[in-house]
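Notes to accompany the following structure.
The values are calculated or read from the model by the stated rules, or taken from the named source; none is laboratory data. Just so it is clear, the structure is predicted and the values come from calculations on it, not from any experiment. Note that we place each Cβ from the backbone using ideal geometry, even for glycine, and neighbour counts take in every protein chain shown. These accessible areas exclude ligands, DNA and RNA; they are computed on the full protein's heavy atoms, side chains included. Shrake-Rupley method; radii C 1.70, N 1.55, O 1.52, S 1.80 Å.
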Amino acid sequence: MSCCCFPFSSEGGSAALADQERPSTFLTLSAQGCNGVLRIILDHFKSSGSPGKLSAAAMGVALSRQAQRTTDRQEDAPLNEALLRDIVRFVEQVDSRHPEEAQLVFDEPLLWTTILQASDFGTEYELSGSSVHSRETDGDGRPLLQLTPPVISVRSFSQLSKLLHLNNDSKLKEVRACLEANRDPVKKILGRSFAMMDGEDPSALLLLNTVNEDGQSRETELKVKLFLILQQLDRQLLNSSVPQLSQKVRLSPAVVKCDVEMLKSVCGAGEKRLLKSVRYTSDHEYSNGCRSPPWRQEFGEIAGLIIEPCDTEPLSVTCSIYGFYLNMPIKQEGEENVKKRELYKDLLTLLKSKSPHFAESINKQTSVQKLIAEHEKTRQQLAMKTTSISMKLREPTLLWTKPDEKAQKKKMRRSGGSEKATESRTKPHSKSPGGGTGAEDFSESSSESEEDEEQSERRGESRTDLPSEYWEIQKLVKYLKVGNQTATVIALCCIRDFNLAQETCQLAIRDGGGLEVLINLLDTDEVKCKIGSLKILKEISCSSQIRQAIADLRGLQTMVSILDSPDKELKCLAAETIANVAKFRRARRTVRQYGGIKRLVELLDCVPDSATLSAEQEKEVEVARCGALALWSCSKSTRNKEAIRKAGGIPLLARLLKSPQKNMLIPVVGTLQECASESSYRIAIQTEGMIKDLVKNLNCDNQELQMHCASAIFKCAEDKRTRDLVRQYKGLQPLVSLLSQTDNKQLLAAATGAIWKCSISMENVAKFEEFKTLEILLSLLTAQPEEVLVNVVGALGECAQRPANRIAIGKSGGIPRLVSLLRETNQALLVNVTRAVGACATEPENMVIIDHLDGVRLLWSLLRKPDPDVQASAAWAICPCIENVKDAGEMVRSFMGGLKLIVDLLKSTNKEVLASVCAVISRIAKDKENLAIITEHGVVPMLANLTNTEDDKLRRHLAEAISHCCMWGNNHVAFGEERAVAPLVRYLRSKDPSVHQATALALYQLSRDPNNCITMHESGVVQPLIVMMGSTDEVLQEAAAGCVRNIRLLALANDKAKHFT
């Protein structure tokens, strides 16, 4: 069950270059194993050090298929010659090394056209004119070698070996001619049962079960031994040829684009230009990055270019996966054949050979040489990412969905959410197997990641590029389909010997129909078959495509039922496989619907507290660990989190959290930190005393466990009680110590996140000051990934709420680093950095630095961002900047369109944005010129339109803005005309004292208009103002008294007018 191949490569070119630098002929010797002689095979592999794996050389099949377009004759390429010499050496030595096998008569003779003559043969042969035949014959009296010029026939390796010794000069030619004429040598040598060519009847594999071990013939044993000898030869040839072939890295669209962009950068109109221009022949770019039409991509073309050098005619260049070449003119009738095209590895080499000016300019200009050096580094990185590219344009193959179902799925994806919504309204609710209505089980968290849900199939390699393991595994899958119980177990073991983490091995199982067989084995009564199947499924389910296929084949339902098995190993494997498969929403929903959550929670019930465990207890602990792994994956669904809680998972997780087993703690803490996004879990983590255990595990030596504990604290520290508990259990210092792990970015992100949330409490900030945390956080502002920067800046923003820390940030050079981050695009990072900059801006010394770095302009530019959180955070940061910068009015006016932008933001529907913008307007309006400008932009009616709000935060800043805007012209009258007075009176009923002060100031300014006084009086403003006149807040006292005074003066004026009339 192997494939022995003799690959040959050619360095020659062709008109389309589709076959250039690809292996041009690969003659494949293919064979399969025998069950009757399984003992011999296994004995052989025990002696060779490779037990269990029946084959490792099926790459020959892939290489032979890749060469189907090529010619039968080969050029004398160095690789070809080296391979031929290896084959010649093998054939010459086979007679002495393996005498019995060399005497084995071939099932069919090897025939080829030879250059040998009768005169070349010695006395061991019978000569008859030009014909020659050997004296040795087979059982039927046929000679083992026969020459009838120019055809020669050979029936044994012994005769082949003697033949090669006749003429040393023609050895290579003879072997080549033999291989080219016999495209399936193993079939001829060993018989049809050992052949495995395309289109063969798979019943040939039944040889594994039909040969009887006890009744084995000598001939069959020799055939199997010879088969293994050929297999060793095949491996030797592959080991020598594959490294050379793999060095020829094909180009990708990304590499071509990189080359073109580099050339465009050296084009121009000056004297130092290297080229006039570079342009694509097509402006359309396909989804795969190519610009050539699909029918040219079939031949490996990527794009066409027109390059205009400074000293030659424009060059028409084709970029292909094999390299770059100049397009030749079309041959006219009567002309000689066009010479063979020259292929270049990159555009620089091509241009240097065609343009002397280009080559000379590169050598003279140092800046260009540096640019080329940087380009080469980038190009190498891109080339390493794409070592080969398939130019085949194929539709994805979905193997386990019926055509009508597949079309329906595509239609649903195209139609979008409207059809899904319609389906949810019209589809009747059905009872799910696990209990509960189908509608309830279908609903999932809108915030959870879709991950690989319904991904289309992706192939990294074309079928001709697939390695040997792909074809070997497909053969083993056929054993699974047709073999008996013993053969099935052996095939499962052999499949496990492959590196199943490789994508090609996973796809080989899937493409060969192995997934259906593996899942079907789970329904059998044979525990060994179930275990073997689950071990394979566990390994290959790390692939997103395999995960979806398992879900499509209803494999999850079977695995959930296995969780009830009394066999602990089966339960472990089933839970681990569920953990791998439940990476996307549909799989998680299936586990819940079929009662998997409750079963998984039951697996957690063990007693792992002791450090020393018996063998049985170790098995129970392993079952609990696997159950926790599966719950970890399932807990990404909101409904699954609730199902875990209802099934009693929280107390069991709390008990397992005290386990001394680190491999147990990782999935337990992972599940807890995933569930901690729900408030019910955060409360439970507090009440069950889990914060203490999380803090304790921060001091362990396992970085993965530390990361998950820090992540759990990060989520739980949203609550003040948790923040206090972390401080109480002395968890702040271990978090700070984790900041030294700068190489582990995930751990660093978790630790900085926990520090950020804990620093919301000022008591914790005081502790962080003792641990010199601020200096460490400032050092992490550079050369860190965004997820770390978000948390670091968030922590700095909280620490900056204390004046001493704001000053320390300024003195430590933190302001320039923070201001530079205002140019980033990450929304969460911008929200945190604006908060930090705004806090630092309250110190005049820091504000000088921010103004010098043009930080206020950067903050103002963030108001144009579409994200409301960024808008609000930027607006809050602008407020202290305006208050503390010199010549604030002039600075604000210098921002082109800045004032109009602020006024336009009053149209937002986000209350936080509105409150922050009103706060900015209240500060802008302190400058008379700016107040006049925003008045012209219509700030009065916009502010008046917001007065009916019930949000106290918005009320406060809105009242402040109205108060300051009343200082210009007749704005106080305009507010009355816009009906803003009566709603403001209602603000006095608020329970927030800050709202009272701002409202009283606004009413005082509005009371300068008699009509507004009348409206206030009618709205009942006098009584609450009289009460506020007795407040301890002097500003509130004066504003309330001033407003009452104006109302009273108007009333007296009315009385006098009535008296005199």
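Give a residue-ordered list of calculated ³J(HN,Hα) values for segment 161-167 (Karplus: 6.51 cos²θ - 1.76 cosθ + 1.60, θ = phi - 60°; whole Hz; x for Gly, Pro).
These are the phi-based 3J(HN,Hα) values: 5, 5, 4, 5, 7, 5, 9 Hz.
Calculate, in whole percent, how much of the Cα-Cα pair population of segment 910-1061 lies beyond 24 Å.
Percentage above 24 Å: 29.
With each label point set 7 Å from Cα along the Cα-Cβ vector, what nm distance links GLN93 and GLU883?
8.8
Need the full-extension length gain, GLU977 to ARG135, defined as separation in residues times 0.36 nm minus the C-alpha distance. One decimal, nm.
Full-extension gain reported as 290.7 nm.
Would you please put 372-379, 905-912 in order of how densely packed they are, using the mean number of other Cβ atoms within 10 angstrom per residue and starting with the highest?
905-912, 372-379
Dipole of segment 665-714, Cα-centred, from +1 at each Lys and Arg C-beta and -1 at each Asp and Glu C-beta, to the nearest 20 debye?
Computed about the Cα centre, the dipole is about 140 debye.
Sorted by mean Cβ packing within 10 Å, highest first, what order do the peptides 356-369, 966-979 take?
966-979, 356-369
Expressed as a whole number of Å, what is the distance separating the alpha-carbon centroids of segment 280-333 and segment 883-946?
Segment 883-946 and segment 280-333 have Cα centres separated by 56 Å.
Given 0.36 nm per residue, what is the gain on full extension from GLU1038 to GLN232 after removing their alpha carbon distance, in nm?
Length gained between GLU1038 and GLN232: 280.1 nm.
Apply the Karplus parameterisation 6.51 cos²θ - 1.76 cosθ + 1.60, with θ equal to phi minus 60°, to every residue of segment 825-838 and state each ³J(HN,Hα) to the nearest whole Hz, in sequence, with x for glycine and proline.
10, 5, 5, 4, 5, 5, 4, 6, 6, 5, 5, 5, 5, x
Could you order the peptides 845-856, 587-598 from most to least packed, using the average number of other C-beta atoms within 10 Å per residue?
For the peptides 845-856, 587-598, the packing ranking is 587-598, 845-856.
With a probe of 1.4 Å, find how much accessible area segment 647-801 has per residue, and write the answer as a whole number in Å².
So segment 647-801 comes to 37 Å² accessible per residue, rounded to a whole number.
Give me the percent of accessible area attributable to carbon and sulfur for segment 467-563, probe 1.4 angstrom.
It is 45 percent, rounded to a whole number.
With θ set to phi - 60°, apply the Karplus curve 6.51 cos²θ - 1.76 cosθ + 1.60 along segment 571-577 and write out the HN-Hα couplings as whole Hz, x wherever there is a Gly or Pro.
5, 4, 5, 4, 5, 5, 5
Describe numerically, in nm with one decimal, the distance between label points set 7 Å from Cα along Cα→Cβ at SER170 and at SER820.
7.6
Give the Debye-formula value of log10 I(q)/I(0) at each listed q (0.11, 0.17, 0.22 Å⁻¹), with one equal scatterer per alpha carbon of segment 678-794, two decimals each.
-0.30, -0.74, -1.25
In terms of modelled amide H atoms, which long-range or inter-chain residues lie less than 5 Å from the amide H of ASN970?
none
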